[in-house]
Amino acid sequence: MNKTSLNLKSKIKFVYSENESVSVIFQDNSLLMGVVGEFNENLKQLEKITGTSLYFRGNSIIIKSDQKKNEVIKNAIVFLSDQFINNGTIEKKDILSSVNRFMINEKINTGQKIDYIIKTPKKSVIPRSEKQKRYLRALKESEIVISTGPAGTGKTFLAVAVALTMLLEKKIERIILSRPAVEAGERLGFLPGDMREKVDPYLRPLYDSLYDLLDFEKIQKKIEIGDIEIAPLAFMRGRTLKNSFAILDEAQNATDTQIKMFLTRIGENSKIVINGDPSQIDLPNKSLSGLNRSKNLIGHLDEISVVDFDHTDVVRHPLVSKIVKAYSNQKDD
């Protein structure tokens, strides 16, 4: 059992009553306040999502529902406590994550769950669904990972977090982050400014992920010395990537030939991740997208992992999941 799980075990106790209620007793008042939230907002959100009744009294949170829901809420509180201890804050999306299928279907073994925490200098990243957990395992164990699914499922963010951790631990020498530079074919010459000014708007989401995990100045320094390289897909041709972690984002807008080119850059002690959303192809001819074809051609190889997310895995905001589902249903009609 690691330090974090021991720390949490000493701060929370559970008392089961005969009237089918569970009292979660906190030994640490600051942790209790963090879990409850300002004006009890976190508890209100938990009640709304699960349809249960929660009461905040003294140093306890009392859960009153049936046995199954009591366990769901208890596990959710463990998850949120972990989140607060690791990051010092609880965000709205954490509330939803705390009661998602990953948290409900498994008995929460905190020590086991901690194995999946990605610790970066600014925050600790915890997988928020069973698919994210499987994706994280694939990122660590497989040489090539192909992931598909809607926006907000953590495809890029988790890959960047793993890559940054490996760089800081000196397991690799360089991170390469790449995207098709423009939605319909990398026509950089039509954009104003020098090369960096041309491509930066299209690569901004990759910068955002980095800045969320490491201080701005440190990221800029690593970019300057070449430890982190952010480049349009067109610039990857002819290279061999050694001791690297390369991520191709928005791969639904890359052609079959481009994805093949990116995949065949892999060299010694390297990983390649291909991420994309097949429902958001911006190429003039959608059939030119090579993302699904790459899955079908090479997804069966032992060294390659494929993870397909759907709207139930969205963790960005509860409304995003509903939007994705609505558009998906319209497409099916």
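For the reader, a short list of remarks on this structure follows.
- Once backbone amide H atoms are built at 1.01 Å from N, V307 has I146, S147, T148 as its partners under 5 Å, excluding neighbours fewer than 5 places away on the same chain.
- Above-threshold pairs, the threshold being 31 Å between Cα atoms, out of K64/K322; K221/K242; K11/K170; K170/K325: K11/K170; K170/K325
- Pair D227, N29: separation of 7 Å Cα→Cβ label points (nm): 4.1
- Sequence-distant contacts, meaning Cα pairs under 8 Å at least 6 residues apart, place the relative contact order of the range 1-77 at 28 percent.
- Using a Förster distance of 45 Å, the FRET efficiency for N59-I323 (Cβ separation, nearest 0.05): 0.70
- Residues of the range 123-158 with amide N under 19 Å of the 7 Å Cα→Cβ point at R204: 151-152, 156-157
- For peptides 269-275, 171-177, sequence by mean Cβ density within 10 Å, most packed first: 269-275, 171-177
- Efficiency of FRET between E41 and I85 - r from beta-carbon atoms, R0 25 angstrom, step 0.05: 0.85
- Considering only alpha-carbon pairs that sit under 8 angstrom and 6 or more positions apart, the relative contact order computed for the range 201-333 is 18 percent.
Throughout, read-outs are computed from the coordinates displayed, never taken from laboratory work. Keep in mind that what you see is a predicted model, and the values were worked out from it rather than measured. Every residue, glycine among them, receives a Cβ derived from its backbone with ideal geometry; neighbour counts consider all protein chains shown.
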